[in-house]
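Shown next, in structure tokens, is the structure this report addresses.
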Amino acid sequence: QVQLVESGGGLVQPGGSLRLSCAGSGFTFSSHTMSWYRQAPGKERELVASISAGGSTNLAEPVKGRFTISRDIAKNTVFLQMNSLKPEDTAVYYCHAKRFLNDYWGQGTQVTVSS
């Protein structure tokens, strides 16, 4: 059974940092593109960052220079380090795994940036 379990969300003040983790199981983690998406209230889900099976990374323009995506293949875990957080980063963050027809989602973790 495929599972993606996110953790690390919470409430943080503007300018603060959070590190999200997503632990995968039930599929070949290293061969999938792993991504983080987010969805703010009233908005569509958007891609935040991705890391390919080969290790290439991609970041959405609004988070470049502030967020970093990485992975630990031995632990089947992908991370999203979020620095210099802004109120507009408030959203539910979802972990995603993709390879050909495989398309898996986590349950999401809430990130709230507020003073």
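For the structure I just gave you, tell me whether ILE73 is out of contact with any helix residue (DSSP H, G or I) (no Cβ under 6 Å at 6 or more places or on another chain) and more than 20 Å from SER114 (Cα to Cα).
Values: out of contact with any helix residue (DSSP H, G or I) (no Cβ under 6 Å at 6 or more places or on another chain): no; more than 20 Å from SER114 (Cα to Cα): yes.
No.
Looking at the stretch 58-90, which of its residues are open to solvent by less than 50 Å² (accessible area, probe 1.4 Å), among the charged types (D, E, K, R) and outside any loop (DSSP other than H, G, I, E, B)?
ASP72, ASP89
In this structure, is GLY8 among the small types (Gly, Ala, Ser) and open to solvent by 60 Å² or more (accessible area, probe 1.4 Å)? Give the derivation first.
Details: among the small types (Gly, Ala, Ser): yes; open to solvent by 60 Å² or more (accessible area, probe 1.4 Å): no.
For GLY8, the condition - among the small types (Gly, Ala, Ser) and open to solvent by 60 Å² or more (accessible area, probe 1.4 Å) - is not met.
Those residues that are in a strand (DSSP E or B), open to solvent by 50 Å² or more (accessible area, probe 1.4 Å) and either free of Cβ contacts under 8 Å to residues at least 24 places away in the same chain or in contact with a strand residue (DSSP E or B) (Cβ under 6 Å, 6 or more places away or on another chain) (or both), I need them from the stretch 91-100; list them, please.
First, the residues of the stretch 91-100 that are in a strand (DSSP E or B): 91-99.
After this cut, where a residue has to be open to solvent by 50 Å² or more (accessible area, probe 1.4 Å) as well, the list is 98-99.
Across the stretch 91-100, the qualifying residue is only LYS98.
Consider ILE51 carefully, then state whether it is in contact with a Leu (Cβ under 9 Å, 6 or more places away or on another chain) and either modelled with pLDDT of 95 or more or at negative phi (or both).
Against the criterion (in contact with a Leu (Cβ under 9 Å, 6 or more places away or on another chain) and either modelled with pLDDT of 95 or more or at negative phi (or both)), ILE51 does not qualify.
Against the definition (of a type in the set (Asp, Glu) and surrounded by 14 or more Cβ atoms within 10 Å (Cβ to Cβ)), how does ASP103 come out, yes or no? Lay out the reasoning, then the answer.
Values: of a type in the set (Asp, Glu): yes; surrounded by 14 or more Cβ atoms within 10 Å (Cβ to Cβ): no.
No: the conditions fail for ASP103.
The values are calculated or read from the model by the stated rules, or taken from the named source; none is laboratory data. Being a predicted model, the structure only gives us computed values, none of them experimental. Neighbour counts run over all protein chains shown; Cβ positions are idealised from the backbone, glycine included. For the accessible areas, the whole protein counts, side chains as well, though only heavy atoms, and no ligand, DNA or RNA atoms are used. Shrake-Rupley method; radii C 1.70, N 1.55, O 1.52, S 1.80 Å.
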